[in-house]
């Protein structure tokens with residue numbers, strides 16, 4: 001029996017199961033990819049909001065990453081919520097030189113607009129982790145932060161169009177458009193805008209699907225296009241759980 005491809009997610013834990021590590025592992029599984037993980041932080045949350053956050057130590061994060069990379073044939077990596085500059089630094093140090101495709105979901109800002117990274121952590125992200133990235137997947141508010149930092153034009157980006165329009169991203173009332181912008185690739189992907197409250201974990205799910213597709217050996221444009229289609233299907237098949245922003249449906253298929 002041929003073993004499945006392996007992907008690693010380095011991100012936070014969502015006790016509600018709709019985002020973070022939980023969403024990443026479910027998405028990997030739906031793509032036929034074996035998921036491994038290194039947890040950066042633990043949240044107490046549900047569809048209504050976050051009630052508490054605790055961070056793992058830099059040493060524990062480093063130990064998790066090394067334990068996975070020492071034993072598993074990891075084919076692609078993604079990062080999500082990293083939280084603190086010292087944790088960003090650990091991730092960059094452990095992945096530098098690994099030669100693995102890396103998808104970075106910046107997780108700088110919550111949907112509410114609240115900052116999830118302080119200025120020092122954002123600077124470390126820009127200086128240490130972004131140079132290692134195959135693809136960075138900011139949402140609209142995060143895109144504004146990157147432009148203000150003067151880094152936007154040098155980055156391999158998938159600009160996500162799900163938030164309210166700002167800046168120069170493509171937009172439309174009836175559609176959502178994501179735009180792939182890298183030195184080698186340019187691609188626009190549009191889908192009907194779904195009016196639903198069940199959108200918790202969309203960013204995690206999209207970046208995890210791209211990572212899974214890269215682990216399966218797809219080229220970046222194909223990995224992004226298939227992940228975009230997977231996210232639309234996941235939104236449509238949301239199970240309707242929770243009283244707030246509900247989780248997506250993570251199973252495979254259209």
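Here is a check on your reading of the model: is residue 138 at pLDDT below 75 and part of a loop (DSSP other than H, G, I, E, B)?
No, not satisfied.
Which one is surrounded by the fewest Cβ atoms within 10 Å (Cβ to Cβ), of the residues in segment 53-68 that are closer than 22 Å to residue 108 by Cα and out of contact with any strand residue (DSSP E or B) (no Cβ under 8 Å at 6 or more places or on another chain)?
This residue is 57.
Across segment 212-253, what is the total count of residues that are in a loop (DSSP other than H, G, I, E, B), touching a helix residue (DSSP H, G or I) at 6+ places or on another chain (Cβ under 9 Å) and closer than 19 Å to residue 199 by Cβ?
4
Looking at segment 69-82, is at least one residue in contact (Cβ under 8 Å) with a residue 12 or more places away in the chain, part of a loop (DSSP other than H, G, I, E, B), surrounded by fewer than 22 Cβ atoms within 10 Å (Cβ to Cβ) and more than 13 Å from the chain's Cα centre (by Cα)?
yes
Answer yes or no as to whether residue 97 is assigned to a loop (DSSP other than H, G, I, E, B) and touching a strand residue (DSSP E or B) at 6+ places or on another chain (Cβ under 7 Å).
So residue 97 fails the test.
So residue 94 ticks every box in (1) at pLDDT below 95; (2) more than 18 Å from the chain's Cα centre (by Cα); (3) surrounded by 14 or more Cβ atoms within 10 Å (Cβ to Cβ) but one. Which box is left unticked?
Exception for residue 94: condition (1).
Within segment 213-231, does at least one residue satisfy the condition of being more than 14 Å from residue 103 (Cα to Cα), surrounded by 22 or more Cβ atoms within 10 Å (Cβ to Cβ) and out of contact with any strand residue (DSSP E or B) (no Cβ under 9 Å at 6 or more places or on another chain)?
yes
All but one of (1) surrounded by 17 or more Cβ atoms within 10 Å (Cβ to Cβ); (2) touching a helix residue (DSSP H, G or I) at 6+ places or on another chain (Cβ under 8 Å); (3) over 22 Å from residue 245 (Cα atoms) hold for residue 24; which doesn't?
With respect to (1) surrounded by 17 or more Cβ atoms within 10 Å (Cβ to Cβ); (2) touching a helix residue (DSSP H, G or I) at 6+ places or on another chain (Cβ under 8 Å); (3) over 22 Å from residue 245 (Cα atoms), residue 24 is out only on (3).
The values are calculated or read from the model by the stated rules, or taken from the named source; none is laboratory data. Not measured: the values here are computed from a predicted model. Neighbour counts are summed over all protein chains in view; Cβ atoms, including those assigned to glycine, are modelled from backbone coordinates with ideal geometry.
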